[in-house]
Amino acid sequence: MKKDFAILGIESTCDETSAALLKGGREIVTNVIYSQIEEHKKYHGVVPELASRAHAAKIAAVIDEALQNHPIDCVAFASGPGLPGGLMVGRVAAETLANFKNVPILGVNHLEGHIFACDFEGTQVKGRLRFPLVALVVSGGHTELWYVRNYGDYKVLGRTRDDAAGEAFDKVAKLLGLPYPGGPQVSKQALNGRRDAIDFPRPLLPGTWEFSFSGIKTAVSYYLRDHRDFNIADVCASFEQAMVDTLVTKTLKAAEKYRVKHIAVGGGVAANALLRAQMQAQAAKRGLETHFVERGLSSDNAAMIALAAYKKLEYAEKTGRKLAAHINIDPNWKVCNWRSKE
Ligand code: KG4
Ligand code: ZN
């Protein structure tokens, strides 16, 4: 691929409208993110219809700002998983731009983007990921544990059976009357609380790599019902500890079972300070290295989409293989392998 191969990435799967320009697969030139938080705040969660409208209203301006008249060689967009309305807006924008610029278009998996984002250091791609690794994707819509042999070569070990980790944070925040998005709010309250004040469950689901967080959320709601004079900081600290214990324990178990030396953690919840500290400390004790996505790139952004596209194109060029373009949106797209077994 030519040295300054430029990809314009588009992200619109949930409640961020984003466009980014990635040059040479190694430098983020622009990464414009319009967050819809204000639109959804009063409903304590993402309202799909409002999200679609906000994407449609903002996407042209966001792309324009990211593009800044740079020449581009490809347009990439997240074609799933995500909310159908937002995905359609991303697809139409990507197709229009690709036709106008006469360049190819490529759809990529949003969750792959979250893991590939661990490769960024500031605006540079440092290629920090070392394979094989165990990856934990923790966001508002997804919680998944993968065994990753390489970019594009995955075995999905488990997903959540019910709420995603970020969703659990958001729902507990709502129960406590804290604003959306709940994760950062709960974390902030937790700083002044005791982590062992309340013994919320750690749903480990032995024998599976799946997660289930709705039980912790229900336990919090029962606790609040039964303790009218509850201490909000203690509730937040104990809840956060239960979530982090569950995520760390299962991830480390998977790393042990699959004999990897590296762990990657991506997605909005990867910004959580307790998760970062405890995963890192406990992994280090076992001689494992942890690669968390940097905080500024943990939530939804188009730079990670452009990077995922670059990795695919680079592989296709090196091997001469033709990869599927994934232009049709797929709201439930399960990550799939695009690297052939050598
Ligand atoms: O990846 P993301 O931006 O969007 C999805 O793809 O879903 O993740 C957003 C989620 C929200 O649920 C938000 O509450 C959560 O990430 N989150 C956090 C923190 N920061 C964001 N959860 C826990 N602790 C945080 N510091
Ligand atoms: Zn996401």
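The values are calculated or read from the model by the stated rules, or taken from the named source; none is laboratory data. What you are looking at is a predicted structure, and each value in this text was computed from that prediction instead of being measured. Cβ coordinates were reconstructed from backbone atoms using ideal geometry, including for glycine residues, and neighbour counts include every protein chain displayed.
Can you tell me which residue among VAL244, VAL265, VAL269 is within 16 Å of ligand 2 (Cβ to nearest atom), within 20 Å of the chain's Cα centre (by Cα) and either surrounded by fewer than 16 Cβ atoms within 10 Å (Cβ to Cβ) or more than 27 Å from GLU39 (Cβ to Cβ) (or both)?
On the way: VAL244 fails: within 16 Å of ligand 2 (Cβ to nearest atom); VAL269 fails: either surrounded by fewer than 16 Cβ atoms within 10 Å (Cβ to Cβ) or more than 27 Å from GLU39 (Cβ to Cβ) (or both).
It is VAL265.
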- Query: With (1) more than 15 Å from the chain's Cα centre (by Cα); (2) within 14 Å of ligand 2 (Cβ to nearest atom); (3) part of a strand (DSSP E or B) as the list, and VAL137 as the residue in question, which single condition is left unmet?
  - Reply: (1)
- Task: Select from region 294-314 the residues that are buried (at least 24 other Cβ atoms within 10 Å of the Cβ), over 13 Å from SER139 (Cβ atoms) and among the small types (Gly, Ala, Ser) and list them in ascending order.
- Result: ALA302, ALA303, ALA306, ALA308, ALA309
- Query: Does ARG321 count as away from ligand 2 (no atom under 16 Å from the Cβ), of a type outside the set (Gly, Ala, Ser), farther than 20 Å from HIS142 by Cα and touching a residue at least 24 places away in the same chain (Cβ under 8 Å)?
  - Reply: no
- Note on the structure: Those residues of region 40-66 which are hydrophobic (A, V, I, L, M, F, W, C), surrounded by fewer than 20 Cβ atoms within 10 Å (Cβ to Cβ) and farther than 18 Å from PRO181 by Cβ amount to ALA56, ALA57, ALA60, ALA61
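Being closer than 18 Å to ASN301 by Cβ and either surrounded by fewer than 21 Cβ atoms within 10 Å (Cβ to Cβ) or at pLDDT below 95 (or both) is the filter here, so list the residues in region 73-90 that pass it. Quick ask: steps written out before the conclusion?
Residues of region 73-90 that are closer than 18 Å to ASN301 by Cβ, as a first pass: 74-83, 86-87, 89-90.
Within region 73-90, just PRO81 meets the criteria.
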- Filter region 161-220 for residues that are of a type in the set (Ser, Thr, Tyr) and touching a Lys or Arg at 6+ places or on another chain (Cβ under 6 Å); the one that is modelled with the highest pLDDT is SER212
- Near pairs, Cβ below 6 angstrom, 6+ apart or cross-chain, from region 276-287 (in contact (Cβ under 8 Å) with a residue 40 or more places away in the chain and farther than 14 Å from GLY266 by Cα) to any residue that is among the aliphatic types (A, V, I, L, M) and not in a helix (DSSP H, G or I): none
- Note on the structure: Of all helices (runs of 4 or more DSSP H) fully inside region 48-133, the set with 1 or more residues that are touching a strand residue (DSSP E or B) at 6+ places or on another chain (Cβ under 7 Å) and away from ligand 2 (no atom under 16 Å from the Cβ) is 48-67, 84-101
- Message: Just to verify a result, which residue in region 276-300, among those that are assigned to a loop (DSSP other than H, G, I, E, B) and within 14 Å of the chain's Cα centre (by Cα), is farthest from ligand 1 (Cβ to nearest atom)?
- Response: GLU294
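Restricting to region 260-270, and then to whatever is outside any strand (DSSP E or B) and closer than 22 Å to GLY127 by Cβ, can you tell me which residue is nearest to ligand 1 (Cβ to nearest atom)? Explain how you work it out, then say what you get.
Filtering region 260-270 down to residues outside any strand (DSSP E or B) leaves 260-261, 267-270.
Subset that is closer than 22 Å to GLY127 by Cβ: 260-261, 267, 270.
Values: VAL260: 23, LYS261: 26, GLY267: 4, ALA270: 8 Å.
Ranking the candidates gives GLY267 first.
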